[in-house]
Amino acid sequence: MAVKKLSTEKLKHYEEIILKELHESVSYIENINKDQSIGARESSGDLSSYAYHQADQGSDTNLMEQTVMLMEGEREKIRKLNDAMRRIADETYGVCEMCGEYIQDTRLEVIPYATNCFDCTEKMEDKNRRRRR
Ligand SMILES: [Zn+2]
């Protein structure tokens, strides 16, 4: 089986997306750090666009905990984005780690640090969901 890899143009394209997201995540964390001395309430407007699965888990989570969770989420994202940059450098980017097929472009546009194709992610999430219940 030939090893799949994305064209240079595509790698370049996703590299730009990743760098942009990295920049956004870093300034996001910086903003939270700044906000925390004044009160993080103002920034909650743009946080709501974040589709966190945990969002409806227990409404008694206070703002501070939520902020910490979001920060953790951003840090995790930065780590994943850095990993993606490494994969771009060694040209393994955009190929599913599980089945070795290309990851859908539509998926990479939304989650540029994705390491699994849509099908494999579905399967994994399915397993996780069953384990949790
Ligand atoms: Zn796959």
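Values in this text are rule-based calculations from the coordinates and carry no lab data. Since we're looking at a predicted model, the values are computed, not measured.
Summary table
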item: Overall Cα dimensions of the range 90-133, principal axis frame, Å, largest first; result: 38, 19, 15
item: Pairs beyond 32 Å (Cα-Cα), from K12/K127; K5/K34; K34/K123; K77/K127; K80/K123; K34/K127; result: K12/K127; K5/K34; K34/K123; K34/K127
item: 5 angstrom amide H check on Y102, placed H, neighbours 5+ away; result: C96
